[in-house]
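Engineer: Could you have a look at this structure, given as structure tokens, before my questions?
Values in this text are rule-based calculations from the coordinates and carry no lab data. Everything numeric here is computed off the predicted structure, so don't read it as measured data. When we count neighbours, we look across all protein chains shown, and the Cβ atoms used for this are built from the backbone with ideal geometry, even at glycine.
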Amino acid sequence: TNAPVKVAVTGAAGQICYSLLFRIASGSLLGPDQPVELRLLEITPALKALEGVVMELDDCAFPLLSSVHIGDDPNDVFEGVNLAMLVGARPRSKGMERSDLLEANGAIFTAQGKALNDHAADDVKVLITGNPANTNALIAMRNAPDIPAERFNALTRLDHNRAVAQVAAKAGVPVTEVTHMTVWGNHSATQYPDLFHTEIGGRNAAELIDDQAWIENEFLPTVQKRGAAIIEARGSSSAASAANATVEHMRDWVLGTPEGDWVSMSVPSDGSYGVQEGIISSFPCTVTDGEYSIVQGLEIDDFSRAKIDASVAELVEERDAVTSLGLI
Ligand code: NAX
């Protein structure tokens, strides 16, 4: 059998991980033939709760779960890891300014970037889910100079999946008919889910739906504000769907995207589509042999251009803020 892949997960006692860890251990991430070793990071006060989660992992007797290691020191937990899913982050609490939030997360992601730099395996891939995901990923990336920059991604796959579900419902087709979805920009309310390259059953989605008012006034805000709608309905933020998206992003990054389609991934910009370098922004991407590439050559009309530019401007602002805080 294959040697276990070492998978680090942070925020392991939190609500996303209560789904995520079980999906990874059951084989959803790397398939039914690949054992995994889980290496779980939490803050000290949450270690006891994490022990309870590990008891439940034990009680599943997952055939693919070779071992579980837990701790509160990233230098120990990240030792030799091949995949790192950084889910744990500092949420915004009452009265916290945006700069306080960036600073609190900066402390987490500078330390974790350095620990990955010093201890992770040479082939490590790092996916940041914890918010503000794109900027946290940038901080980790910039604090890990020995790891190639393109090994740091942030999660916009949940936004992508939400957009696929909304457009499938509108068109009255199964989600499997919807392909070539792209979410551009930041994982925030400025994100731009683009229907002008999306296809439904192989036909252009915007043309097929033929309802610009629906796109602007219903589709975009529904996808952009879906996180808030979940909180409103459920009383807590999306967890199982965020775990699912985290698994799907990492799975596609390792095993490849489906032939003839692409997915949305937040990756370090190389200047494609006029998105300035030095930020981590969402693009349409394909993956072959474990390496992603940004899909090239899509035509961007004025409507899409303005939406992409607005979200990119927000990322640039966040980048400037963490630069002036000395975090990168
Ligand atoms: P929870 O508050 O349930 O869990 C977070 C866990 O992280 C806690 O157990 C906490 O102790 C731990 N933690 C905090 N600092 C840590 C550190 N330095 N090292 C290790 N662990 C640490 O949040 P949950 O609902 O699981 O959400 C986790 C993060 O995902 C949040 O930042 C959230 O905003 C973000 N999300 C991102 C999404 C995306 O699409 N990119 C969507 C879902 C979610 O909102």
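Engineer: For the stretch 257-268, just list the computed ³J(HN,Hα) in residue order, Karplus coefficients 6.51, -1.76 and 1.60, θ = phi - 60°, integers in Hz, with x standing in for Gly and Pro.
Structural biologist: Calculated HN-Hα couplings, in order: 8, x, 3, x, 9, 9, 10, 8, 9, 8, 9, x Hz.
Engineer: Output needed for the stretch 157-318: three equivalent-ellipsoid semi-axes, defined as square roots of 5 times the C-alpha gyration tensor eigenvalues, in descending order, whole Å.
Structural biologist: 21, 19, 18
Engineer: Select from the stretch 44-130 those GluC sites (Glu not before Pro) which occupy a DSSP coil region and have at most 11 other Cβ atoms within 10 Å, ordered by residue number.
Structural biologist: Glu97
Engineer: I want to check the label-to-label distance for Gln212 and Asp289. Put each point 7 Å from Cα in the C-beta direction and report it in nm to one decimal.
Structural biologist: 4.4
Engineer: Return the loop-located GluC sites (Glu not before Pro) in the stretch 210-319 (DSSP other than H, G, I, E, B) with at most 11 other Cβ atoms within 10 Å of their own Cβ; answer none if there are none.
Structural biologist: Sites meeting the loop and neighbour criteria: Glu259, Glu277, Glu299.
Engineer: Semi-axes, largest first, in whole Å: what does sqrt of 5 times each Cα gyration tensor eigenvalue give for the stretch 234-311?
Structural biologist: 23, 19, 12
Engineer: Treat the stretch 108-242 as a sphere of radius equal to its Kirkwood radius over Cα pairs and apply Stokes-Einstein at 25 °C in a medium of 0.890 mPa s; give the translational diffusion coefficient in µm²/s, rounded to a whole number.
Structural biologist: Values: Rh = 16.5 Å.
It diffuses with D of about 149 µm²/s by this estimate.
Engineer: While we're looking at this one, here's another question. State the three equivalent ellipsoid semi-axes of the stretch 5-154, derived from the C-alpha gyration tensor as the square roots of 5 times its eigenvalues, in descending order and whole Å.
Structural biologist: Working: eigenvalues 120, 69, 32 Å².
Semi-axes from the Cα gyration tensor: 25, 19, 13 Å.
Engineer: While we're looking at this one, here's another question. Using alpha carbons only, how many degrees (0 to 90, rounded to 10) separate the axis of helix 98-119 from the longest principal axis of the chain?
Structural biologist: Taking Cα atoms only, the helix is inclined about 60 degrees.
Engineer: Amide H of His69 versus every other amide H placed in the peptide plane: which residues, excluding those fewer than 5 positions away on the same chain, fall under 5 Å?
Structural biologist: Correct list: Leu38, Arg39, Leu40.
Engineer: If you don't mind, there's one more thing I want to ask. Looking at the chain as a GNM with Cα springs under 10 Å, which of Gly95, Gly271, Gly52 has the largest mean-square fluctuation?
Structural biologist: Gly95
Engineer: Just need the Rg to Rh number for the stretch 165-253, please, alpha carbons only, Kirkwood Rh.
Structural biologist: On the way: Rg = 13.7 Å, Rh = 14.1 Å.
Expressed as Rg/Rh, it is 0.97.
Engineer: Compute the distribution of all C-alpha to C-alpha distances in the chain, in bins of 10 Å from 0, and list the percent of pairs in each, rounded to whole numbers.
Structural biologist: Percent of Cα pairs in each bin: 6, 27, 36, 23, 8, 0.
Engineer: While we're looking at this one, here's another question. Testing the spin-label approximation: label points 7 Å from Cα along Cα→Cβ at Asp146 and Lys48. State their distance in nm.
Structural biologist: In this crude spin-label approximation the distance works out to 3.7 nm.
Engineer: What does the extension gain come out to for Arg234 and Asp122, with contour length at 0.36 nm per residue minus their alpha carbon separation?
Structural biologist: Working: separation 112, 0.36 × 112 = 40.32 nm, distance 4.05 nm.
Between Arg234 and Asp122, full extension yields an extra 36.3 nm.
Engineer: Relative to the longest principal Cα axis of the chain, at what angle does helix 133-142 sit, 0 to 90 degrees, rounded to 10?
Structural biologist: On a 0 to 90 degree scale, this one is about 60.
Engineer: Moving on to the next point. So which trypsin sites (Lys or Arg not before Pro) in the stretch 60-135 end up in coil per DSSP with only 16 or fewer other C-beta atoms within 10 Å? Walk me through the numbers on the way to the answer.
Structural biologist: Numbers: sites: Arg92, Lys94, Arg98, Lys114, Lys125; in loops: Arg92, Lys94.
Hits after loop and neighbour filter: Arg92, Lys94.
Engineer: Counting DSSP beta bridges in the chain, what percent are antiparallel, to the nearest 5?
Structural biologist: DSSP beta bridges in the chain are roughly 45 percent antiparallel.
Engineer: A follow-up question, please. What is the extension gain from Lys225 to Asp33, computed as 0.36 nm multiplied by their sequence separation minus the C-alpha to C-alpha distance, in nm to one decimal?
Structural biologist: Working: separation 192, 0.36 × 192 = 69.12 nm, distance 3.81 nm.
In short, 65.3 nm is gained.
Engineer: As I understand it, the value is the acute angle between the Cα axis of helix 240-255 and the longest principal axis of the Cα atoms of the chain; what does it come to in degrees, rounded to 10?
Structural biologist: So the helix axis and the longest Cα principal axis differ by about 90 degrees.
Engineer: Kindly count the pairs of lysines across the chain whose alpha carbons are less than 18 Å apart, treating pairs on different chains or eight or more residues apart as eligible.
Structural biologist: Eligible lysine pairs with Cα atoms under 18 Å apart amount to 4.
Engineer: Provide the per-residue ³J(HN,Hα) series for the stretch 85-97, in order, calculated from phi with Karplus coefficients 6.51, -1.76, 1.60 and θ = phi - 60°, each as a whole number of Hz, with x at glycine and proline positions.
Structural biologist: Residue by residue, the stretch 85-97 yields 10, 9, 9, x, 7, 8, x, 6, 9, 3, x, 7, 6 Hz.
Engineer: At what distance in nm do the modelled label points of Ala104 and Asp76 sit from each other, each positioned 7 Å from its Cα along Cα→Cβ?
Structural biologist: 2.6
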